Amino acid sequence: MANAYAVIVVFLISFFNLIAILNPSSIYTWKTNGVDPYVPPFVPSGYKDDSDIDLLSSRRMLVLPKTKAPVDSDYLKNEINNTVWFAGMTRDASVIKNDIFLHMIKLNCIANVSVHILTTLGIADCMEKYNKIRNGVYRKKKCARFDVELEPDEASLISNRVERIAYLRDYQREKLRKSFGAALGKDDIIIIADIDLYSLPSVSQVVRESNHIAKFHKHDALCAAGIMHRPFGYYDTFATVLLPDTFVYPVQGRLSGAYYSGENTSLVRSKDVYGEFTQWDLLEYFEKGGIISDDVSSHQNRKKQQKSFFGTTQEDMIVPVKSCFGGLTIYSATKWFNPHCHYNMNITALSRYANKNDERPCEHVVFHDCLIKNDPSTSIAVHSFLRTSWNSPNQFGSRLAAGPIDFALVTHFKRKNRGDRLANGKFILRINEKGELVVESWDNEASSKIFWKANSYTGEDIKSWTHMVLIVKDDGEVLLVKLVPNSFHAHPNETFPESFQSIYSHLLKNEGLHLCDKNRDICPLVVWSSGNRGPRGDHYSYALVIGDDGTLKVLEEHSDRTLWSNEISNGGRSLKKW
């Protein structure tokens, strides 16, 4: 009995030492009460991850689910027992983002993953930074290899961007093949990552998914669902081909400028980034397990996925594809080192996947096509909650500055938990699922009520709107804009009443049933205005601000003068009244 107690004590001490190693400067708060209403748009509601804990200045809380989820022993130990290499490329290794650099060091020193970086500049600075952290935070850990190597000179002679990347990937692949030598095992893993991204998946998740591939061999390549912001959605369309053969890249950007036989055209991104099928829709397609559905009840299925997220990998999170990348892909090493395949192979037969800018297909499409042709049983898949971020999410806080749509608050129809918002204390300004501009009061984490609503024309007879945006113009006027398809026949089963035509008659063209320029997929229709307008010019700067009492104001920020307030406007002006 005494021995059993001793074993338990040693285990607990080891566990908390591991937490301290992951982030020695943090004080963790264990929180299990409810769901945070301010979950960032790319995180499923109700899910919190202990990812990307900054070793130098952590301010995040470790949030665990209410019930203890099953965790396999490899994930708990947070280390990998087989041979694993993490491979990345960058122009300048001295300017790798701190979060990405620390991510690689955690893999290297906690999970025993060897790292190989290919670069043109900054080797000395990179190694100095690595050694400083290793000899400081991880001085008691036995880290794996950390190699930073110069790109070959001949790579600089390749002018085509994708051809150059493909050449370098093959070069790095041969370097790593030599590192393995004859010792390559069936459970060994290769992690390919872009190390110039904004963020990578958590170390613990990368470790867990690597262990899962090594243990079960169900997938040969597991890609991240890389996301972007402004506009929000699934990013890596150039590398993604769905099964059986649909290239999701927009037609107008393809070298051929056309669909090819056999594609599911409903899954190809629209011409307009805010069109009928956007990268936001594509991300939801992966989150639903590759199901094409507008059924909002799929949220229940997502809840089931979230409950199992801290346990072993669930197949309903994973969507088999023909090709993908997403900024990070975990490979079975034996598959990645297939001697018959390369990134820089003959691409003539794959011209349907070429884009106009590079006049050739993505190197990942070429490589994966070869792997599948060489072995039809090859399994390549997108993990819908293995997330990278290409750029920084726009955290508005309590202020929306004047600017174009890239600076606007954006929401997608029926995606009420993912729209942009302004927040101050318990008050939130957002566009809700009905297309209404509202200020909501969150009295607790589980419920809210409408504090103020704009007097807008919601356009409930326009059922096919794709996005809505809230924009502050350069004269201080605030507009609520609905983006709708540019044809009455965009949805064959949908009819538009006379009220629609009468309200928007001034927008209709004489060219068929187009609402705006016939070359556009989507038309912007203004449904609400604050009604105020101030002077334009370099001496004036406008912003919409939400106060901690729920009031909205448009301020000229140089003079702090109020141009408009929801206290005195009674909701602004609706298009229906114009």
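FYI, it's all coordinate maths here, none of it is from the lab. Computed from a predicted model, the values in this text were never measured in an experiment. Neighbour counts are summed over all protein chains in view; Cβ atoms, including those assigned to glycine, are modelled from backbone coordinates with ideal geometry.
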Within segment 139-180, backbone nitrogen closer than 16 Å to the virtual label 7 Å beyond the Cα of residue 359 toward Cβ: 158-164
5 angstrom amide H check on residue 199, placed H, neighbours 5+ away: 389
Global form of segment 369-413, assessed from the alpha-carbon gyration tensor, a/c cut-off 1.5: prolate
Gain on full stretching of the segment that runs from residue 291 to residue 99 - 0.36 nm per residue minus C-alpha separation: 65.7 nm
Three-way shape label, segment 77-234, alpha-carbon gyration tensor, a/c 1.5: rounded
Spin-label model distance (nm) - residue 407 vs residue 391, 7 Å beyond Cα toward Cβ: 1.4 nm
Segment 260-268 - phi-based ³J(HN,Hα) in whole Hz, Karplus 6.51/-1.76/1.60, Gly and Pro as x: 10, 4, x, 6, 8, 5, 6, 9, 9
Estimated FRET transfer efficiency when R0 is 45 angstrom, pair residue 124-residue 449 (beta carbons, to 0.05): 0.15
Prolate/oblate/rounded label for segment 151-214 (Cα gyration tensor, a/c 1.5): oblate
Projected label distance in nm at residue 161 and residue 174, using a 7 Å step from Cα toward the beta-carbon: 2.6 nm
Out-of-range pairs (alpha-carbon distance over 28 Å; input 453/482; 288/356; 141/322; 97/140; 271/335; 129/356): 288/356; 141/322; 271/335; 129/356
